[in-house]
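**Q** Attaching a single structure in structure tokens format; questions to follow.
None of the figures in this text is laboratory data; all of them are computed from the coordinates on show. What you see is a predicted model; the values in this text were computed from it and never measured. For neighbour counting, all protein chains shown are included, and Cβ atoms are generated from backbone atoms with ideal geometry for every residue, glycine included.
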Amino acid sequence: MNPPAAEMPPAAPATGAAPATGAAPATGAAPATGAAAQPDHAQPDHAQPDLMDKIVNLAKRRGFIFPSGEIYGGFRSTYDYGPLGVLMLRNVKEAWWRSMVQYRDDVVGIDAAILSSPRIWEASGHLANFTDPLVDCRQCHERWRADKIDGRCPTCGSTDLTDARAFNLMFKTHAGPVEEDATVAYLRPETAQGMFVNFANVLQTTRRKPPFGIAQVGKSFRNEITPQNFVFRTREFEQMEMEFFVPPADGDRWFAYWCEERMAWYRDLGIPEDKLRLRHHEAEELSHYSKATADVEFRFPWGFDELEGIANRTDYDLKAHAAASGERLEYFDQATGERYVPYVIEPAAGATRTMMAFLLAAYDEDEVGGEKRAVLRLDHRLSPYQVAVLPLSKKKELEGVAREVLAMIQPIAMCDYDVTQSIGRRYRRQDEVGTPYCVTVDFESLEDRAVTVRERDTTEQVRLAIPDLVGFLREHLKR
Ligand code: ATP
């Protein structure tokens, strides 16, 4: 996950190479977003047939994800992230930020506004073309995204469907107290445009030169026709996107580099090899702006589906915004006198969708001491809690030491502190939410100033002197 040692990207590896015949970007109208390649649902994950139900149930029961507005019957497939969900989602985003920004010297971050000039969406093509093909079932009047249903209404099975019409996915609102055309604004449907419209600002303020990137994590909104599969497709979601600006001649090689790099990120955080693949789009599947696109796909219970799209967007976006705004969005190399509009390589991932994939991949059941247990084998960087501090009993004398231990660990790890129920039950509860280490304070701890550290996956226990605990955890919980 390190950047290339030299300025130039590494040679394209054979597996990640951009298709040699990638079509040049057309400058005409954008095709509907629904024209994207179909994922391969022919390979559903049969290993655990009821896995989705288990994850949805666990997410609700343990405070990861709640249906939004549940006391009012919920709200159209929107979700709230609970006490554990907010921790895990932050960890997903932070793991991405560390690898994309912190551990690199060629990527900087921004945080652009969700509401901004509607001219952005006019120039980017979203106003005219960010559409999905909508069909109505004439029998039961349900509405569907035509490219997701194979010509048959999933509710009633009828093939009596209307012709598809383009449905724009952007949420429209009004900025200010007057509801008229002049005040129309849109909730951003992607974070990417924030990077393009700030290209000149970032270039000037950071004195970067291509190759360099701008990264952003934040909410996006799409009025999806059929939100589905829990948090896989929702109308409000979070994205983690990076625009990497390169000299046009280096585009293909940087595209290959980012495909490799992004696959490595998922593997490193524990997605097993057989549940992950990179699927290159065929030339006819490519978006109008793209010279090459590949999807990182995860094997969901219903088959392989997209986690992230990686695209060589060429100079389409910068040129479109330059033309619409009248600003120069290009790079001028003072040393060589060269002036050019960089190409952009964009790895665009979904944080909420990826969190769901990590949950699905981590869920396991085994037996401990003759008892069945559910365990989330999450990488410690993703677990909501890294450590649980568990005094063996509620007795006052244990609480003093337990709270002392808790205060020692809190600066280096997110901790839970739990005194309820038997120690066995508490271990199971921590296993089920993926806590890698439980630290138990018992009566002996009062005498020997030592605690028991239990590891989640092996359930092995070691006795450690309290002064050695922080060092042990630092070593095992490296980020
Ligand atoms: P899809 O084909 O699934 O609609 P897309 O190709 O339009 O997705 P992109 O525009 O490339 O998606 O967005 C980048 C990433 O953002 C996706 O790979 C996905 O992880 C995430 N994402 C997009 N739409 C949604 C959504 N409605 N809900 C949750 N995550 C989403």
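**Q** Which Cys in the chain stand alone, with every other cysteine's Cβ at 4.7 Å or more from theirs?
**A** Those would be Cys259, Cys415, Cys438, since no other cysteine Cβ in the chain comes under 4.7 Å of theirs.
**Q** Assuming 1.002 mPa s and 20 °C, estimate D for the stretch 172-287 with Stokes-Einstein, Rh taken as the Kirkwood radius over Cα pairs, in µm²/s.
**A** Diffusion coefficient, whole number: 121 µm²/s.
**Q** All other residues with a Cβ under 15 Å from the Cβ of Gln410 taken together, and with Lys, Arg as +1 and Asp, Glu as -1, what is their net charge?
**A** Around Gln410, the charge tally is -1.
**Q** Quote the charge dipole size of the stretch 385-476 about the Cα centre in Debye, to the nearest 20; the model charges only the Cβ of Lys and Arg (+1) and of Asp and Glu (-1).
**A** Using only the charged Cβ atoms, the result is roughly 300 debye.
**Q** A further question follows. Name the shape class, rounded, prolate or oblate, that the alpha-carbon gyration tensor gives for the stretch 385-476, where a ≥ b ≥ c are the square roots of its eigenvalues, rounded holds for a/c under 1.5, and otherwise prolate holds if a/b is larger than b/c and oblate otherwise.
**A** In terms of gyration-tensor shape, rounded.
**Q** Hey, can you rank 122-131, 173-182 by average C-beta count inside 10 Å, highest first?
**A** My ranking of the peptides, most packed first, is 122-131, 173-182.
**Q** How long, wide and thick is the stretch 362-424, going by the Cα atoms along their three principal axes, in whole angstroms, largest first?
**A** In descending order, the Cα extents are 35, 28, 13 Å.
**Q** If you don't mind, there's one more thing I want to ask. Could you sort out which of Lys275/Lys372; Lys172/Lys291; Lys291/Lys319; Lys219/Lys478; Lys93/Lys275 sit more than 23 Å apart by Cα distance in this structure?
**A** In this structure, Lys275/Lys372; Lys172/Lys291; Lys219/Lys478 exceed 23 Å between Cα atoms.
**Q** Could you grab the relative contact order for the chain? Cα pairs under 8 Å, six or more apart, rounded to a whole percent.
**A** Rounded, it is 16 percent for the chain.
**Q** With everything on Cα atoms, drop me the angle between helix 316-325 and the longest principal axis of the chain, reported from 0 to 90° to the nearest 10.
**A** Result, in degrees: 70.
**Q** OK, next. In the stretch 255-334, which chymotrypsin sites (Phe, Trp or Tyr not before Pro) fall in coil by DSSP and have 15 or fewer other Cβ atoms within 10 Å?
**A** Trp302
**Q** Express the Stokes-Einstein translational diffusion coefficient of the stretch 301-340 in µm² s⁻¹, to the nearest whole number, given a Kirkwood radius over alpha-carbon pairs, 4 °C and a viscosity of 1.567 mPa s.
**A** 97 µm²/s
**Q** Which GluC sites (Glu not before Pro) in the stretch 236-317 sit in a loop by DSSP (not H, G, I, E or B) and have at most 16 other Cβ atoms within 10 Å of their own Cβ?
**A** In loop regions of the stretch 236-317 (DSSP not H, G, I, E or B), the sparsely surrounded GluC sites (Glu not before Pro) are Glu282.
**Q** For the chain, take N as its residue count and report Rg(C-alpha) divided by 2.2 N^0.38 Å.
**A** After normalising by residue count via 2.2 N^0.38 Å, the value is 1.09.
**Q** Residue-wise, which Karplus ³J(HN,Hα) couplings in Hz belong to the stretch 155-165, taking 6.51 cos²θ - 1.76 cosθ + 1.60, θ = phi - 60°, and x for glycine or proline?
**A** 7, 10, x, 5, 9, 7, 10, 5, 5, 6, 10
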